[in-house]
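Here the structure comes first, spelled out in structure tokens, and everything after it is commentary.
Quick note: the coordinates plus some simple rules give every number you see, no bench work behind them. It should be emphasised that the depicted structure is a prediction, and the values quoted were computed from it without experimental measurement. Reconstructed Cβ throughout: ideal geometry from the backbone, glycine too, with neighbour counts over all protein chains shown.
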Amino acid sequence: MNRKIMPWALLLAWIAVLVPSALASAQEIHIEGITTFSAVGSASELRATGEPTPTCEATDVTGTINSGGTTGTMNLDITGCHMNILGFTIKCRTAGSALDNTVNLGATFHLITYNEKPAVLFTPTTVNLVCAGTQQITISGNSIATITSPKCGATSKTLGLSFTAAGVTQDHRLYTGVEYDLKFQTGGGSQVTAATTQTFTVTSTTEGKLNCT
């Protein structure tokens, strides 16, 4: 073989080996048989270094899954939101919320495979959080939740999601070489990385199949 051709042949051989592996690690999953859903979330908190910790008591969700079952949109109504500063409990809300301790936001989501397990990448709208007597808090960015149930290939009317974190660092952040996390900014200060902890139970009126292939 021509020596000038040899390096290119070797390169193409390596690409043939590596590309399928890379695609498999970033493989899309999808849900079959469901177009709309609702969900309830547990108590939650948002932690960031050097910042107060907003906590909320519960979350109600409505959403839709787009054609193909890999993406969708959702609306979250988060209630009982507050934070503690110097021993005082201060209620928090988003502008236009019906109650002074309610946060309302929208989000898009994308079903993914994370560390060979099913997961969901969430991108919420940027939220401006107003807590009485304090500077406005801006929350932006992305977060990844793992799907705890059902198993791949199983059908169910319910699906479990879990956001987990160690301190202010989300457990699941790096996907296809890109780091996804939430950002916390008080007033005109610097953005800092934030982490959330919460579990969700998603329900549908029809059974859906979690397809991971």
Q: Compute the FRET efficiency between Thr35 and Thr89 as 1/(1 + (r/R0)^6), taking r as their Cβ-Cβ distance and R0 = 41 Å, and round to the nearest 0.05.
A: 0.50
Q: Using only alpha carbon pairs under 8 Å that are at least six residues apart, calculate the relative contact order of the chain and give it in whole percent.
A: 22
**Q.** Rounded to the nearest 20 debye, dipole of segment 126-207 from Cβ charges on Lys, Arg, Asp, Glu
**A.** 80
Q: Report, in debye and to the nearest 20, how large the dipole of the chain comes out about its Cα centre when Lys and Arg carry +1 and Asp and Glu carry -1 on their Cβ.
A: 560
(Q) Need the list of aspartates and glutamates near Lys117 for cross-linking: C-alpha distance under 17 angstrom, and skip anything on the same chain fewer than eight residues off. (A) Glu28, Asp171
Q.
Using helices alone, I'd like the mean residue ellipticity at 222 nm for the chain: each DSSP H run of four-plus residues gives -39500 (n - 2.57), total over residue count, nearest 500.
A. -3000 deg cm²/dmol
**Q.** Cα centroid separation, segment 69-125 to segment 135-184 (Å)
**A.** 11
Q | Low-density loop positions, GluC sites (Glu not before Pro), segment 108-213 - DSSP coil, at most 13 other Cβ in 10 Å | A | Glu116
**Q.** FRET efficiency for Thr62 and Ala154, using Cβ-Cβ distance with R0 set to 25 Å, rounded to 0.05
**A.** 0.55
Q: Only one of the values (i) 176; (ii) 153; (iii) 103 was calculated from this structure for volume of the Cα convex hull per residue in Å³; name its label.
A: (ii)
